[in-house]
Amino acid sequence: MEKAEETKPLYGSVGGSHWLGRFTDQCETYGPQVVEDLVSDLKDLRTVVDLGAGTGRDLGFVRKHHPQARLIAVEGGKDYASALAGKADDIQIADIEREPLPLADGEADLIMANQVLEHTKEVFWIFHQVTRSLKVGGHFLFGVPNICSLHNRFLLIIGRQPTQHKMCSAHVRPFSKGDTLAFLNACFPGGYELVQFRGAQFYPFPRSVARVLANSFPTFAFTIFFMIRKVAIYRDEFVTYPGRAGLETNFWTGNLTTNSQYWK
């Protein structure tokens, strides 16, 4: 009887497969304790939106601490959306890089995006829709891989690619604390304030050690979380920024005319 030939996954098709990962708890990458802590501190939540809600875990934290809130899950595909049945009051399928969020201006109290933005190119459009949809005083909580994590710094010293941002992977945009805050301030000056900055996961340590290190040194953590508060009236600053800055990339700006040579 012939032995079935074993096939290896295509390079980049499986995330978290670095040999250092064997020592870590991969659930820590999504920062469940961080998300729940940040959500539980908020008050008077009425409308909460989760972009890329996945299994609905983060919405579950909101339901636990804010049972009165209306929960809206936004997913990009039918399979993920169907898995959210019973975990949200409203489930929407939308391409967040091209389509408007299903919200009126200033409707949302909290919008979340955990491990989503690193998969997207159109951050100007996404932040435009998020900011349009948030009320003044509302919060945007997002978690992203940290290109400046401790293990990535060592990898770059020896000429290796950061683990979260390889060419053959689903991640297309890197994030760090300093660059993310510079992006916010450049596009929407004075429009957001940073309420909390947290870290989760710390390669290559087990959960008990990783949590202590991530809390103590968040800028070195594998994942970084931003809780930002909208503090000013929004006038399309994010979506017009590529044109105003003359960025030489065809960013999507919807139907808003810009000065970019790539706008159509």
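The values are calculated or read from the model by the stated rules, or taken from the named source; none is laboratory data. Given the structure is predicted, the values throughout are model-derived calculations rather than measurements. Using ideal geometry, Cβ is built from the backbone for each residue, glycine included, and neighbour counts are taken over all protein chains shown. With ligands, DNA and RNA removed, areas are computed over all heavy atoms of the protein, side chains included. Shrake-Rupley method; radii C 1.70, N 1.55, O 1.52, S 1.80 Å.
Some values worked out for this structure:
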{"item": "Total charge dipole magnitude, the chain, about the Cα centre, Cβ charges on Lys, Arg, Asp, Glu only, Debye to nearest 20", "result": "500"}
{"item": "Summed residue charge, Cβ within 14 Å of HIS165's Cβ, Lys/Arg positive, Asp/Glu negative", "result": "+3"}
{"item": "Rounded to the nearest 20 debye, dipole of the stretch 14-102 from Cβ charges on Lys, Arg, Asp, Glu", "result": "200"}
{"item": "Rel. contact order, % - alpha carbon contacts under 8 angstrom, at least six apart, the stretch 137-264", "result": "29"}
{"item": "Relative contact order computed over the chain (Cα-Cα under 8 Å; 6+ residues apart), in percent", "result": "19"}
{"item": "Size of electric dipole in the stretch 68-205: Cβ of Lys, Arg +1 and of Asp, Glu -1, about Cα centre, debye, nearest 20", "result": "600"}
{"item": "28 Å Cα-Cα reach of LYS230 towards lysines, excluding residues that sit fewer than 8 places from it in its own chain", "result": "LYS43, LYS64, LYS87, LYS121, LYS135, LYS177"}
{"item": "Full-extension gain in nm, LYS43 to ALA182, via 0.36 nm per residue minus C-alpha separation", "result": "47.3 nm"}
{"item": "Extension gain (nm, one decimal) between LYS135 and GLN26, 0.36 nm per residue minus Cα-Cα", "result": "35.8 nm"}
{"item": "Overall form of the stretch 101-240 per C-alpha gyration tensor (a/c, 1.5; a/b vs b/c)", "result": "prolate"}
{"item": "Unit charges at the beta carbon, dipole of the chain: most positive-side option, ALA170, VAL48, PHE23", "result": "PHE23"}
{"item": "Computed lengthening from ASP79 to GLU193, 0.36 nm per intervening residue step minus Cα-Cα distance", "result": "37.5 nm"}
{"item": "Helix-only [θ]222 nm of the chain, DSSP H runs n ≥ 4, -39500 (n - 2.57) each, per residue, nearest 500", "result": "-8000 deg cm²/dmol"}
{"item": "Overall dimensions of the chain as given by Cα atoms, namely Rg and Dmax in Å", "result": "19.2, 71"}
{"item": "Accessible surface of the stretch 171-253 [probe 1.4 Å, protein heavy atoms]: carbon and sulfur percent", "result": "54"}
{"item": "Positive-end residue of HIS139, PHE154, ALA200, charge dipole of the stretch 117-233 with Cβ unit charges", "result": "ALA200"}
{"item": "Separation between Cα centres of the stretch 136-173 and the stretch 31-108, rounded to whole Å", "result": "24"}
{"item": "Relative contact order computed over the stretch 159-231 (Cα-Cα under 8 Å; 6+ residues apart), in percent", "result": "31"}
{"item": "Positive dipole terminus of the stretch 70-122, leading residue within MET112, ALA83, LEU71 (C-beta point charges)", "result": "ALA83"}
{"item": "Cut-off 13 Å between beta-carbons: net charge of the residues surrounding VAL239, Lys and Arg +1, Asp and Glu -1", "result": "0"}
{"item": "Net charge of neighbours whose Cβ lies under 9 Å from the Cβ of ARG132, counting Lys and Arg as +1 and Asp and Glu as -1", "result": "-2"}
